Structures are given as structure tokens and as C-alpha cells.
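The values are calculated or read from the model by the stated rules, or taken from the named source; none is laboratory data. All of these numbers come straight from a predicted model, not from anything done at the bench. So basically every Cβ, Gly included, is an ideal-geometry build from the backbone, and we count neighbours across all protein chains shown. Note: areas computed on protein heavy atoms with side chains; ligands, DNA, RNA excluded. Shrake-Rupley method; radii C 1.70, N 1.55, O 1.52, S 1.80 Å.
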Amino acid sequence: DQQVKQNSPSLSVQEGRISILNCDYTNSMFDYFLWYKKYPAEGPTFLISISSIKDKNEDGRFTVFLNKSAKHLSLHIVPSQPGDSAVYFCAAEISGTYKYIFGTGTRLKVLA
Amino acid sequence: DVKVTQSSRYLVKRTGEKVFLECVQDMDHENMFWYRQDPGLGLRLIYFSYDVKMKEKGDIPEGYSVSREKKERFSLILESASTNQTSMYLCATYEVAKNIQYFGAGTRLSVL
């Protein structure tokens, strides 16, 4: 039972355009959400997070949106750069458990 | 900077061998995790530890065990390696103050 789903395995975007990565979850107990970026042969690195009390969090070119009623979050990257090409994982946590449930990942390719 | 060090980047082992994967962190974090990453399956939690000598099973503990004798070191043990344990193994620690997991670079294990 996949509690966190990323339905798009891959995404290609032109440099300078917006990248939108999507994530859906099923467990209404999740109250903290994160996005990680992973380059080949490296460990995932934290990108941005959002608490369930918010619906938006922004950090430079990266914005995460949370729609609790739809159990959906998305990551927007504007403008996209070739260095953003990586696999992006969304993750969800029930606060205080310290355990994340990860999605299956979306491979983003930004074309120069 | 948080540093999570996995002792080997690449390992090749034979079926039936006992395999040790080592992870060391330098930030005095209490919570440590072992995941495996497989294409199309994302990151799946094998085991985690919330204190020295304390451990809990994750989602896929079968065929694995762990050891945490010291706070900074968390070891994953494959008692008798099998080909279906060929994977990328990732260690992580959790910083409670920031609600973030930090990952090591990963160990790519091939079992022949």
C-alpha cells in the first residue's frame, strides 16, 4: 500500500521554464512534508519542507504547495536550470515519529 | 555541516556471505535509519534506531539486522546475502530541531 505516490516517473522541461512535480498521499495523519533531490551516486539532499498548518512555503526558486483537502502537494521550480536535473522524492511524516514515508521519485530533466 | 559517512561506496559480495554496511555520523543525533533505494520503488525503510542499543523494524526488515553499540555508528547486517538484496543502501540521521533527515552518499551493493 503506497501511502505517498509520485505518479510521474519522469519529466522534461526547457531551461528557464517552470517545473512542476506532484505528489499525492493517502494517510491523513501525515502533518509534515518534504522534498529531497538526488543526483546519481549521491545521497538525497533536503530541498524544502512544509507543515500541514501552511499551504505554501517558498525558498528562492523553489515553492511547495500543500492542498490538504486533496491530499496533494507540488513542488514548483522557477526558473528551471540544467543543474536541477535530478530525481526528486517527496516524503511525509507523522510529527514526532521521525520516520519518513517516501514516494517513488520523479526524474526531472532540464533541457538547455 | 552534518556529515553522514558510509564506509563503502561500492561492494560486490557472493550469495550467502555475511555483509556489514557501516554508517557513522558526527552530529550526536539520536535517530538513525537504513533505507534501500530501488528503481520504481523509491526509498524503503529497513530499520531505524532512536538510541544506542535501541532498534525498530521498518517496512522491509526481512533478511536484515542492525547494530547500534555507539551513538555515532549504525550498522546494517545482511546475515546471508541474496541476489534480491542487490540495491543502493542509504543511511540517514535525523536532526530533531530542524525536522530533517540527512543522508550519506550511499553504498551500492551487488550480490552475485
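Scanning the stretch A:41-72 for residues that are away from chain B (no Cβ under 14 Å) and among the basic types (Lys, Arg) turns up A:Lys56, A:Arg61, A:Lys68, A:Lys71. Filtered by the rule that a residue be within 7 Å of chain A (Cβ to nearest Cβ) and either under 12 Å from the mean Cα position of the chain (by Cα) or closer than 18 Å to B:Glu72 by Cβ (or both), the stretch B:86-99 gives B:Leu90, B:Tyr94.
Within the stretch B:1-58, the residues that satisfy the criterion of being within 12 Å of chain A (Cβ to nearest Cβ), aliphatic (A, V, I, L, M) and in contact (Cβ under 8 Å) with a residue 60 or more places away in the chain are B:Val2, B:Val4, B:Met32. The condition (being touching a residue at least 12 places away in the same chain (Cβ under 8 Å), among the charged types (D, E, K, R), under 15 Å from A:Gln3 (Cβ atoms) and more than 9 Å from chain B (Cβ to nearest Cβ)) is satisfied by just one residue among A:Asp31, A:Asp84: A:Asp31.
Considering only residues in the stretch A:87-104 that are open to solvent by 10 Å² or more (accessible area, probe 1.4 Å) and under 14 Å from the mean Cα position of the chain (by Cα), the one that is nearest to the other protein chains (Cβ to nearest Cβ) turns out to be A:Thr104. Within the stretch A:1-39, can you find the residues that are in contact with a Phe, Trp or Tyr (Cβ under 8 Å, 6 or more places away or on another chain), open to solvent by less than 50 Å² (accessible area, probe 1.4 Å) and over 17 Å from A:Asp55 (Cα atoms)? Answer for the stretch A:1-39, where residues must be in contact with a Phe, Trp or Tyr (Cβ under 8 Å, 6 or more places away or on another chain), open to solvent by less than 50 Å² (accessible area, probe 1.4 Å) and over 17 Å from A:Asp55 (Cα atoms): A:Val4, A:Gln6, A:Tyr36, A:Lys37, A:Lys38.
Taken over the stretch A:59-73, the criterion of being open to solvent by less than 10 Å² (accessible area, probe 1.4 Å) and among the hydroxyl-bearing types (Ser, Thr, Tyr) is satisfied by no residue. Counting only strands (runs of 3 or more DSSP E) that sit completely within the stretch B:8-112, those holding 2 or more residues that are open to solvent by less than 10 Å² (accessible area, probe 1.4 Å) correspond to B:19-25, B:31-38, B:42-51, B:73-78, B:87-95, B:107-111.
B:Gly106 - would you say it is at the interface with another protein chain (Cβ under 10 Å from one of its Cβ atoms), under 17 Å from A:Tyr98 (Cα atoms) and small (Gly, Ala, Ser)? No: the conditions fail for B:Gly106.
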